[in-house]
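Any read-out appearing in this document is the output of simple, stated calculations on the displayed coordinates, not a laboratory observation. Quick caveat, the model's predicted, so the values are computed rather than measured. Backbone-built Cβ (ideal geometry, glycine too); neighbour counts: all protein chains shown.
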Amino acid sequence: MGFKKVIGLTAAAAVCALVLSGCSGTNDAKSEGAGSNESATKTVKIGTVGASDPHWQKFIDAAKKEGIEVKLVDFSDYNQPNPALSAGEIDLNQFQHNAYLAAYNESANDTLVPIGSTAIFPLSLYSTKYKSVAEIPAGGEIAIPNDESNRARALLVLQQAKLLKLKNGGSIFSNLDDILKEESKVKVREIDATLTASSLNDLAGAVINNDFVAKAGLKFDDALFGDDPSDPSALPYVNHFTARAQDADNPTYKKLVEIYQNSKEVQEELLKASDGSAVTLKVPASELRESLKKVQQDIRNKKS
């Protein structure tokens, strides 16, 4: 099923979880501890940013019913889960999209791969000083995340909001040097994604990753503007479970993806936690991997 078709299905996903075809259980997954023997209960360590989100407990409970013990490892920022996965400190992670993973793989010469989609989260602009995009004054300063993939996406959000203009229309590789200052209304400051929300008191606004919206005491409905998750160009921003390449077909890991996507309780909590802003998706792993290859090749072409 193509990405466009998947998006079409997700209107119903705002009310209930999507239904997957059945997948048989497995007895060949890891037991707790690297290199240990099989056991009746498999233990899988999953790294994330924001393990306190209520949907995770629902996921842990649902996995336990299938004989899989999920242990969450909570990281404080986005730079940590991928190196931890590569080093074998965790078995999977679930916090990122392909635009981020591609940048990591290329910079670290790594081969991590997506094994199943979760949802796409609109990236949005917030302000505590202004109630609309139109109210933001000329010369106002906007904070955006400073990591490569979210920086580019944030700049595209500001361009869609008509607050700035990017060279050649912008791309998933845009940076501050691509801003056409003479044709832009606002100035942009890039800072760590964990700090964008705390900058709101000092700046005209900030583009804030969903993980930090509620933690900052904000509501998703407070957003002045966000990008469109139904656009086919949004495929690189679909969040997913990520594994080491050699574990891409691990049956237990694939079962966990199925549990996440099928569990009504998990999906309801995920939507609740995002105030309904998340769009749950079932993009085939093969399509996610093709997208990853394309983004990585685009990165190489840009550098050459």
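May I ask you to derive the relative contact order of the chain, considering only C-alpha pairs under 8 Å and at least 6 residues apart, and to give it as an integer percent?
Taking the mean separation of contacting Cα pairs over the length of the chain, I get 32 percent.
With the chain treated as a Gaussian network of Cα nodes joined by springs under 10 Å, which of 138, 206, 197 yields the largest mean-square fluctuation?
Comparing 138, 206, 197 in a Gaussian network model of the chain, the most mobile one is 138.
Pick out which of 76, 149, 230 has the largest mean-square fluctuation in a Gaussian network model of the chain, springs linking Cα atoms closer than 10 Å.
Per the Cα network of the chain with a 10 Å cutoff, 76 tops the list.
Could you list the trypsin sites (Lys or Arg not before Pro) in region 201-304 that lie in coil according to DSSP, counting only those with at most 16 other Cβ atoms within 10 Å of their Cβ?
219
Mind checking which of 109, 70, 121 is farthest towards the positive end of the chain's charge dipole, using Cβ charges of +1 (Lys, Arg) and -1 (Asp, Glu) about the Cα centre?
The Cα lying farthest towards the positive end belongs to 121.
Report, to one decimal in Å, the Kirkwood hydrodynamic radius for region 124-226 based on all distinct Cα pairs.
Over region 124-226, the inverse of the mean reciprocal pair distance is 13.2 Å.
Identify which of 154, 273, 134 has the largest mean-square fluctuation in a Gaussian network model of the chain, with springs joining Cα atoms closer than 10 Å.
134
Full-extension gain between residue 189 and residue 268, please, as 0.36 nm times their residue separation minus the C-alpha to C-alpha distance.
Contour length minus the Cα-Cα distance gives 24.9 nm.
When we measure straight from the Cα of residue 131, which aspartates and glutamates land under 17 angstrom away, once same-chain ones fewer than 8 places off are left out?
Filter leaves 141, 202, 221, 222.
Using only alpha carbon pairs under 8 Å that are at least six residues apart, calculate the relative contact order of region 124-226 and give it in whole percent.
Working: 185 pairs, mean separation 45.3, N = 103.
Once normalised by length, the contact order is 44 percent.
Taking only the alpha-carbon positions of the chain and ignoring solvent, what does the Debye formula give for the base-10 log of I(q)/I(0) at q = 0.08 Å⁻¹?
Debye intensities relative to I(0), on a log10 scale: -0.35.
When the helix-only estimate is applied to the chain (DSSP H runs of n ≥ 4, each -39,500 (n - 2.57), divided by the residue count), what is the mean residue ellipticity at 222 nm, nearest 500 deg cm²/dmol? Kindly include the intermediate steps, with their values, before the conclusion.
Values: 8 runs with 94 residues, N = 304.
Helix contribution divided over all residues of the chain: -9500 deg cm²/dmol.
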